[in-house]
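Visitor: Below is one structure. I have some questions about it.
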């Protein structure tokens, strides 16, 4: 299955920012703006779902995330996160991730996921 992961594959995840997505709610800040942890989660979800979708159907865990949150947006904003496969190295998949709202970019970065066997992974906990 890993040979089916190709450079340039992409997936987009989106959400409308709600009160539970704000920095105030996450306690990562005191304002009602889209929280950095929420943006990161949406970016990671896009990468995860890319690997989960048919025909891949792969299970993976996130191992690295490096992002820049470049602009704020508030509740009601529609945010789209896109993950694009940059390359693979064995069981590691490297992604470029971006997030945008209606006005443009709000964040970008890199994300790494590792392909796992769920049973083997969970047996080690």
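No lab work stands behind these numbers, since they all come straight from the coordinates. Note that the structure is a prediction, hence the values are computed from the model and not measured. Virtual Cβ from ideal backbone geometry, glycine too; neighbours counted across all protein chains shown.
Visitor: Can you pull the one-decimal nm distance between simple spin-label points at residue 14 and residue 71, each 7 Å off the Cα toward Cβ?
Guide: Taking the two extended label points, one gets 1.7 nm.
Visitor: Using the alpha-carbon atoms, what tilt in degrees (0 to 90, nearest 10) does helix 36-52 show relative to the longest principal axis of the chain?
Guide: Around 30 degrees separate the two axes.
Visitor: In deg cm²/dmol, rounded to 500, what helix-only [θ] at 222 nm does the chain give when every DSSP H run of at least 4 residues adds -39500 (n - 2.57) and the total is split over its residues?
Guide: For the chain, the value works out to -6000 deg cm²/dmol.
Visitor: Hey, another quick one. Could you estimate the translational diffusion coefficient of the chain from the Stokes-Einstein equation, with Rh from the Kirkwood formula over C-alpha pairs, at 20 °C and 1.002 mPa s, in whole µm²/s?
Guide: So the translational diffusion coefficient is about 143 µm²/s.
Visitor: Sticking with this structure for a sec: If you average the alpha carbon positions of region 60-111 and of region 15-43, how far apart do those two centres end up, in angstrom?
Guide: Value for the Cα centre distance between the two parts: 15 Å.
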